[in-house]
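Chemist: Mind looking over this structure? Questions follow.
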Amino acid sequence: MTHGDPEGAVQTARSLLFVPGDHPGRFDKAAESGTDLVVIDLEDAVAANRKDSARASAVAWLSRGGRACVRINDPSSALFSTDLEALADVPGLVAVMLPKADSPESLTAAAQLADAPVIALIESAAGMVRVHDIASTPGVARLAFGHLDYALDLGAGTGWSTMLHARSSLVLASRAAGLPGPVDGVTTALDDAEVLDRDLRRASEIGFTAKLLVHPKQVPVTHAAFRPDEEAVLWARRVAESVTGGEAVRVDGHMIDAPVLARAQAILRNAD
């Protein structure tokens, strides 16, 4: 995590690990898991009668050296402003994750009140329809996909083919707005690394560059999936070493021009 650059920390994170805000004993464990970004959850993971204590626990931990993103309550909740006001000027706040993000106005308010980068969590049809406007909103550092709530809103299944259009829409909106690849939704299978790895590979193939996680043991699998494999790195090195003077050349029987060179350079950056 880049301590002096919260937006940079958000934009380069590959793993974003949720930890319930009403379980402060887990905050340090989450930070020690190796995840790129801890996300303290004040929303779905916390019962209504524990919201206030969860918020207080998050602020206390962030005020004594902890660093994390905080998922606040959604804009339709009376707790939306309460969460943001409590988090303002808290030294360890890296970012705010806004659930049910469906309007630039609520995102602007979150960025201004918390004075922190915002991760827009797209979880509804309304949010998906406005995803390009949301991605271009000042203060939004990244898009994330809450596919379970999105499927519920649509009355659709959560399978890969059903959610492909939505995922591709987030990738396209991120690219058009100059944001890094978006963050994919959670994999709820905690004891099946093959399911997680499959989800990660599919997401990576279409342009996602990070994932929301629900357990520390998902961290190493996630990092491995977003790291280029040895064959890709060797190819990228051959390409980078072959190009001189910006001219198109031939490597492994294929023409190497500017877009291919840019892809090779991106692979080498990710490998590092």
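The values are calculated or read from the model by the stated rules, or taken from the named source; none is laboratory data. Keep in mind the model is a prediction, meaning the values are calculated, not measured. Positions of Cβ are backbone-derived with ideal geometry, glycine not excepted, and every protein chain shown enters the neighbour counts. Side chains are part of the model used for accessible areas, which takes the heavy atoms of the whole protein and leaves out ligands, DNA and RNA. Shrake-Rupley method; radii C 1.70, N 1.55, O 1.52, S 1.80 Å.
Chemist: Condition first: more than 16 Å from the chain's Cα centre (by Cα), more than 21 Å from Asp197 (Cα to Cα) and β-branched (Val, Ile, Thr). Now tell me which residues in segment 130-176 satisfy that.
Modeler: Thr137
Chemist: If you scan segment 78-90, which residues turn out to be modelled with pLDDT under 95 and surrounded by 15 or more Cβ atoms within 10 Å (Cβ to Cβ)?
Modeler: Scanning segment 78-90 gives no hits.
Chemist: Another question, if that's okay. Could you please find all residues in segment 32-54 being within 22 Å of Asp115 (Cα to Cα), surrounded by fewer than 22 Cβ atoms within 10 Å (Cβ to Cβ) and more than 21 Å from the chain's Cα centre (by Cα)?
Modeler: Lys51, Asp52
Chemist: Something else now. Output the residues belonging to segment 93-109 that are surrounded by fewer than 19 Cβ atoms within 10 Å (Cβ to Cβ) and either of a type outside the set (Ser, Thr, Tyr) or farther than 20 Å from Asp5 by Cα (or both).
Modeler: Those that are surrounded by fewer than 19 Cβ atoms within 10 Å (Cβ to Cβ) and either of a type outside the set (Ser, Thr, Tyr) or farther than 20 Å from Asp5 by Cα (or both): Ser103, Pro104, Glu105, Ala109.
Chemist: Next question. Kindly establish whether Asp184 is open to solvent by 40 Å² or more (accessible area, probe 1.4 Å) and either polar (S, T, N, Q) or under 26 Å from Val19 (Cα atoms) (or both).
Modeler: no
Chemist: From the set of residues in segment 110-130 that are among the aliphatic types (A, V, I, L, M) and in a helix (DSSP H, G or I), which is surrounded by the most Cβ atoms within 10 Å (Cβ to Cβ)?
Modeler: Looking at residues that are among the aliphatic types (A, V, I, L, M) and in a helix (DSSP H, G or I), I get Ala110.
Chemist: Can you spot a residue in segment 169-178 that is closer than 20 Å to Ala144 by Cα, among the β-branched types (Val, Ile, Thr) and either part of a helix (DSSP H, G or I) or open to solvent by 30 Å² or more (accessible area, probe 1.4 Å) (or both)?
Modeler: The answer is yes; a qualifying residue exists.
Chemist: State which residue is least open to solvent (accessible area, probe 1.4 Å) when the search covers only segment 207-251 and only residues that are farther than 14 Å from Ala13 by Cα and modelled with pLDDT of 90 or more.
Modeler: Result: Gln218.
Chemist: Does Asp74 satisfy being under 20 Å from Gly185 (Cα atoms) and not small (Gly, Ala, Ser)?
Modeler: So Asp74 passes the test.
Chemist: Same structure again: List, please: which pairs have Cβ atoms under 9 Å, are six or more places apart or on different chains, and start with a residue in segment 188-209 that is on the phi > 0 side of the Ramachandran plot and assigned to a loop (DSSP other than H, G, I, E, B) and end with one that is open to solvent by 60 Å² or more (accessible area, probe 1.4 Å) and of a type outside the set (Phe, Trp, Tyr)?
Modeler: Once the first residue is on the phi > 0 side of the Ramachandran plot and assigned to a loop (DSSP other than H, G, I, E, B) and sits in segment 188-209, its partners that are open to solvent by 60 Å² or more (accessible area, probe 1.4 Å) and of a type outside the set (Phe, Trp, Tyr) give Gly207/Leu172; Gly207/Arg175.
Chemist: May I pose another question? Given the criteria within 25 Å of Phe80 (Cα to Cα), part of a helix (DSSP H, G or I) and open to solvent by 10 Å² or more (accessible area, probe 1.4 Å), does Lys29 qualify?
Modeler: Spelling it out, it is not the case that Lys29 is within 25 Å of Phe80 (Cα to Cα), part of a helix (DSSP H, G or I) and open to solvent by 10 Å² or more (accessible area, probe 1.4 Å).
Chemist: Considering only segment 151-165, how many residues are assigned to a helix (DSSP H, G or I) and either open to solvent by 40 Å² or more (accessible area, probe 1.4 Å) or in contact with a helix residue (DSSP H, G or I) (Cβ under 6 Å, 6 or more places away or on another chain) (or both)?
Modeler: Number satisfying all stated conditions: 9.
Chemist: Hey, another quick one. Taking segment 9-40, which residues are at pLDDT below 95 and within 17 Å of Gly146 (Cβ to Cβ)?
Modeler: Of everything in segment 9-40, those that are at pLDDT below 95 and within 17 Å of Gly146 (Cβ to Cβ) turn out to be Val10, Ala13.
Chemist: Further question on the same structure: Residue by residue through segment 1-17, note down the ones that are in contact (Cβ under 8 Å) with a residue 60 or more places away in the chain and open to solvent by less than 30 Å² (accessible area, probe 1.4 Å).
Modeler: Result: Ala9, Val10, Ala13, Ser15, Leu16, Leu17.
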